[in-house]
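Undergrad: Attaching a single structure in structure tokens format; questions to follow.
The values are calculated or read from the model by the stated rules, or taken from the named source; none is laboratory data. Quantities reported herein were computed from a predicted structural model and do not represent experimental measurements. Cβ atoms come from the backbone with ideal geometry, glycine included; neighbour counts cover every protein chain shown. With ligands, DNA and RNA removed, areas are computed over all heavy atoms of the protein, side chains included. Shrake-Rupley method; radii C 1.70, N 1.55, O 1.52, S 1.80 Å.
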Amino acid sequence: TEEHPIVDLTLFGRRNFWTGTLAVSVGYGLFFGNVVLLPLWLQQYMGYTATAAGWVLAPVGLLAIVFLPLVGRSVGKVDPRAMATFAFLVFALVLWMRSRFNTQADMTTILIPTLIQGLGMAFFFIPLVTLTLSGLASDRIPAASGLSNFVRITAGAMGASITTTLWDDRAALHHAQLTEQIGNASGPAATDLFARLAAAGRSPLQAAAQVNRMIDQQAAMMSANDVFAGPALLFVLMIGLVWLARPAKG
């Protein structure tokens, strides 16, 4: 009710502000959650060191560095909604590619989506910020920018927490389902596996522990595929949200 409030919630009454803020916040939450998940999966289940996992993530900025100046020069000439749509499609493609990973994926296979992701990053932030702040008087831009950034950072923290929680929950579900398929080890594949482990000198307890580790790895992979595929669909659906905004002005 103040004339000049510290947090100006009346900004959410503007269509471009709430659609832009929601799009950039949800998009950043999905992006950040997957950025957190990838090195966790690589280090815990794929045998990567922290350094190797870092090398896999490092190329994400290459295409962003190349295309950011182009986006900055073009954002006043090209509809920011079209640019944001392109970014969402790139993110959806990257996550779909990651949802096709398996435990045999080599570093090159994992690097390619990371490299492509940089292209989406270049077209993500500038157009959506432009859309969010368009049409505002200059004296309201600091308040609008601060409020939008607060919502985005909060969404990023929530995205990381939700993503890792979903990964753990889906991994537990897949682990239970895979264990049920093995059952009491009476199937031919399971019988053959335990026989080969016994021939290699494993005790029944050691063999069971090794099989459980294999199930853990496959369950984590299947869970990661689920967590990558879900946000890919959400990025496609959010394209409609971007086009609810009016064309950027000012």
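Undergrad: Restricting everything to alpha-carbon atoms, can you work out Rg to Rh for the range 1-95 with a Kirkwood hydrodynamic radius?
TA: My calculation puts Rg/Rh at 1.10.
Undergrad: Sticking with this one: At 0.890 mPa s and 25 °C, plugging the Kirkwood radius over alpha-carbon pairs of the range 187-250 into Stokes-Einstein gives what diffusion coefficient in µm²/s?
TA: Result for D is 155 µm²/s.
Undergrad: Given the DSSP H assignment, sum -39500 (n - 2.57) over each helix run of at least 4 residues in the chain and divide by its residue total; what's the result at 222 nm in deg cm²/dmol, nearest 500?
TA: -26000 deg cm²/dmol
Undergrad: Right, next: Any chance you could run the full-extension gain for Thr103 through Leu70? It's 0.36 nm times the residue separation minus the Cα-Cα distance, nm to one decimal.
TA: Result: 8.1 nm gained on full extension.
Undergrad: Give me the percent of accessible area attributable to carbon and sulfur for the range 187-241, probe 1.4 angstrom.
TA: With neighbouring chains kept in place, the figure for the range 187-241 is 69 percent.
Undergrad: So what are the radius of gyration and Dmax for the Cα set of the range 69-179, in Å?
TA: 18.4, 61
Undergrad: Which order do the peptides 28-39, 169-180 take when ranked by the mean count of other beta-carbon atoms within 10 Å per residue, highest first?
TA: Packing order, densest peptide first, comes out as 28-39, 169-180.
Undergrad: Order these peptides, 97-110, 214-227, 151-164, 119-132, by their mean beta-carbon neighbour count within 10 angstrom, highest first.
TA: Going from most to least packed, we get 119-132, 214-227, 151-164, 97-110.
Undergrad: Counting heavy atoms of the protein chains only and a 1.4 Å probe, report the per residue accessible area for the chain as a whole number of Å².
TA: 53
Undergrad: Here's something else I'd like to know. Starting from the exponent 0.38 and prefactor 2.2 Å, build the expected Rg for the chain from its residue count and divide its actual Cα Rg by it.
TA: The reported ratio for this selection is 1.27.
Undergrad: Counting only Cα, what are the radius of gyration and maximum Cα-Cα distance Dmax of the range 98-153, in Å?
TA: Rg and Dmax of the range 98-153, Cα atoms, are 17.8, 55 Å.
Undergrad: Tell me the carbon and sulfur percent of the accessible area for the range 1-126, rounded to whole percent, probe radius 1.4 Å.
TA: Here it works out to 67 percent.
Undergrad: Step through the residues of the range 199-210 one at a time and calculate ³J(HN,Hα) from phi using the Karplus curve (6.51 cos²θ - 1.76 cosθ + 1.60, θ = phi - 60°), rounding each to whole Hz and writing x for Gly and Pro.
TA: 5, 7, x, 7, 6, x, 5, 5, 5, 5, 5, 5
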